[in-house]
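Please treat every number below as a calculation from the coordinates, not as lab data. Model, not experiment: these values are computed from the prediction. When we count neighbours, we look across all protein chains shown, and the Cβ atoms used for this are built from the backbone with ideal geometry, even at glycine.
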Amino acid sequence: MSYFITLEGIEGCGKSTQIPLLKEYLEKNTSYKVLVTREPGGSPIADQIRKILLSRKNKALTPQAEVFLYEASRAQHVAEVIKPALKQKKIVLCDRFMDATTVYQGIARNLGEKLCKDLNHIATKGLTPHLTLILDCDVKIGLARSRTRLQKENKDESRLEEESLNFHKKVREGYLKLAQEDKNRFRVMNANQTIEAIHKDICKEVLSCLRKQASKNTGSPPSRG
Ligand code: TMP
């Protein structure tokens with residue numbers, strides 16, 4: 001069985017801390033191989049597009065050019081990395097995916113949810129995650145964390161972090177709206193807790209969803225112990 005999990009949330013919500021912890025947990029506690037990847041980027045060509053998208057030098061990108069670049073990166077990533085890994089029956093853990101476009105470009109930038117969902121469909125050829133975890137945290141706290149990290153790492157990747165507080169509030173509300181509309185695929189995780197508490201909640205949810213999927217497919221649970 002393959003399984004596709006995406007993690008989403010505002011800047012600084014803790015995805016990059018939680019993903020390696022979840023990978024380690026799944027490798028210890030299930031028999032699956034796990035592939036970790038991210039968007040924008042995730043393949044050599046998509047990583048080149050990531051640089052254009054996140055560079056603070058590219059403030060002049062129009063919303064239309066921006067959305068096509070995200071989708072171009074996604075199309076390449078899905079074809080070269082995600083689909084092959086799913087074919088090999090892996091669990092794919094992806095740091096952001098199509099819902100980021102629906103929320104950041106569709107809702108926060110006002111391009112429209114429907115347009116972005118249609119573009120997502122073209123880029124992914126209809127591939128949809130089995131499970132999407134939204135790490136939900138306070139916007140001011142998340143942004144402060146993210147800006148501190150970018151300064152420490154001295155990265156140029158801050159084009160989106162430099163958007164207004166209102167933009168990031170719209171992003172948070174957008175994610176919560178999507179989660180409300182599809183309770184089957186989305187789970188909202190409280191990311192205002194300690195790293196350990198969030199990790200525990202995530203593992204519990206993922207294991208429960210994996211077991212459900214496995215029993216749908218084969219009738220047998222995937223865990224080792
Ligand atoms: P991250 O690697 O820190 O998550 O940065 C990716 C940035 O790109 C983040 O600000 C969210 C933004 N983004 C979009 O606006 N649309 C998208 O489709 C994706 C995948 C990311």
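Observations, loosely collected:
- Projected label distance in nm at Asp138 and Ile45, using a 7 Å step from Cα toward the beta-carbon: 4.4
- Efficiency of FRET from Cβ geometry, Lys125 and Lys183, R₀ 30 Å, rounded to 0.05: 0.75
- Mean ellipticity per residue at 222 nm, deg cm²/dmol - from DSSP H runs of n ≥ 4 across the chain, formula -39500 (n - 2.57): -16000 deg cm²/dmol
- In Hz, Karplus ³J(HN,Hα) per residue of region 57-70 (6.51, -1.76, 1.60; θ = phi - 60°; x = Gly, Pro): 6, 9, 4, 7, 4, 7, x, 5, 5, 4, 5, 5, 5, 4
- Cα-derived Rg over Rh, computed across region 118-225 with Rh taken as Kirkwood radius: 1.04
- Cα-centred dipole magnitude for region 131-206, charges only on beta-carbon of K, R (+1) and D, E (-1), debye, nearest 20: 100
- Averaging over all projection directions, the Cα-based convex hull of the chain occupies 11.8 nm² in the image plane.
- Per-residue extension of 0.36 nm, minus the Cα-Cα distance of Thr17 and Ser215, leaves a gain of 68.3 nm for this segment.
- Unit charges on C-beta of K, R, D, E only; dipole of region 3-217, Debye: 420
- Taking 25 Å as the straight-line reach from the Cα of Lys216, the lysines in range (excluding those fewer than 8 positions away in the same chain) are Lys23, Lys28, Lys33, Lys83, Lys87, Lys89, Lys90, Lys125, Lys183, Lys200, Lys204.
- Inter-label distance, Ala197 to Lys152: 2.1 nm, where each label sits 7 Å from its Cα along the C-beta direction.
- Sites listed here are trypsin sites (Lys or Arg not before Pro) in region 1-74 whose DSSP assignment is loop and whose Cβ has at most 11 other Cβ atoms within 10 Å: Lys59.
- With only Cα atoms counted, region 75-123 has Rg and Dmax values of 12.5, 38 Å.
- Using a simple spin-label model with pseudo-atoms 7 Å out from Cα toward Cβ, Lys204 and Lys87 lie 3.9 nm apart.
- Site-free segments of the chain were taken between GluC sites (Glu not before Pro) in DSSP loops having at most 16 other Cβ atoms within 10 Å, sites themselves excluded; the longest one is 1-156.
- Of the trypsin sites (Lys or Arg not before Pro) found in region 117-225, those that fall in a DSSP loop while having at most 11 other beta-carbon atoms within 10 Å are Lys125, Lys183, Arg224.
- Förster radius 35 Å - calculated FRET efficiency between Asn110 and Asn29 (Cβ-Cβ, nearest 0.05): 0.25
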